[in-house]
1. List the residues, sorted by chain then number, that are 5 or more residues from Thr243 or on another chain and whose placed amide H is less than 5 Å from its amide H.
2. Quick one: ranking Cys256, Cys171 by accessible area, 1.4 Å probe, largest first, what do you get?
3. Taking K and R as +1 and D and E as -1, what net charge do the other residues with C-beta under 11 Å from the C-beta of Val168 add up to?
4. Enter the Cα centre distance for the pair segment 26-52 and segment 216-274, rounded to the nearest angstrom.
5. Residues with amide H under 5 Å of His40's amide H, sequence separation 5 or more or different chain, H placed in the peptide plane at 1.01 Å from N; which?
6. Semi-axes of the equivalent ellipsoid of segment 194-289: what are they in whole Å, largest first, if each equals the square root of 5 times a C-alpha gyration tensor eigenvalue?
7. Residue by residue, what Karplus-based ³J(HN,Hα) values in Hz, rounded to whole numbers, does segment 107-118 have, using 6.51, -1.76 and 1.60 with θ = phi - 60° and x for Gly and Pro?
8. On a 1.4 Å probe surface of the protein chains, which of Glu217, Glu86, Glu158 comes out largest in accessible area, and what is the full order?
Amino acid sequence: MIPDGIIAIRKAGSTEGRGFTSHDVVGRMRRLFMTRAVGHTGTLDPMAEGVLVVLIGRSTKCERFLTSDSKEYIAGLRIGVTTDTEDVTGSVLTRADILPGADDVREAALSFLGESEQIPPMYSAVKVGGKKLYEYAREGKEIERKARRITVSSIECEAVNEKEGEYVLTCSVSPGTYIRTLCADIGKKLGVGGIMTSLTRSRAGGFTLDDCVTLEELEALSYEERIERLIPPEKVLLGERLTLPKFYERLYLSGCEIYQKKIKTDFPTGSHVLVFGEDGRFLSYGTVKDFPGGSAIKSEILFSV
């Protein structure tokens, strides 16, 4: 049986020593499902835990459509300290003697609501000149980085220990947002510095923590039981559903676009369509595009030939 599907893994985290990386998860999943065709929809730092959406088999083709969704995080924020990694694992650079109050911290956090620009941290996998930033950082080099546009669609800040500068951030952010840097930027805005002390991704790719399974739980299952845990891509991908008649199915699978006026549909341009055959097979994930002959559905990912 060739494995194919999507599964949400609850990745373990650690703030002591070398934590479990997203690549480590992929390696374990390759062994558990006996295939090299394994990917995921967004890297989690070694210290971070939470939702890691893993793609198996042909479902690895879905990555670009599942990474565009916003992600939710729960992060520990410590005000009054800075480190070289912007989190608790790094070397301390500064400490503040006087800390702002909880109201000021919440106000600073809320100021990042909406769109803003964020400079990626040096300890990240962003490439500059063909080399990852963390490689430069380990050499003690500081590289100029371009700011990226990010969106924080929601953010809450709750005091855990105001006297010690301990808070919890709960936020929903656009893909590519670094929560470590968000914590550091909040501290910078307050003038005392800030770092991330913990991180849990609570939602990604339509999955929540409640939808996740741990690697240990998967390892306790038989191979057949693991296969049963995989979710078909058509259950996860978003879009309108369309069943094509046999004639148009053959054209579509041969690479032709299917004009909506021919099949009497009216999906808006730019929308995605889950295309099925008359026998119920999931054929393809398509996109509605404008062609010289009119609006048509063109395959983006082919799942059946």
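1. Close amide H contacts, sequence-distant or interchain: Phe276.
2. Solvent-accessible surface, decreasing: Cys256, Cys171.
3. Result for the neighbourhood of Val168: -2.
4. Result: 23 Å between the Cα centres.
5. Leu55
6. Computed over segment 194-289, the values are 36, 20, 9 Å.
7. Whole-Hz 3J(HN,Hα) from phi for segment 107-118: 5, 5, 5, 5, 5, 8, 5, x, 8, 7, 10, 10.
8. Accessible-area ranking of Glu217, Glu86, Glu158, largest first: Glu158, Glu217, Glu86.
The values are calculated or read from the model by the stated rules, or taken from the named source; none is laboratory data. From a predicted model like this one, the values you see are computed outputs, not experimental measurements. Every residue, glycine among them, receives a Cβ derived from its backbone with ideal geometry; neighbour counts consider all protein chains shown. What goes into the accessible areas is simple: the full protein's heavy atoms, side chains included, and nothing from ligands, DNA or RNA. Shrake-Rupley method; radii C 1.70, N 1.55, O 1.52, S 1.80 Å.
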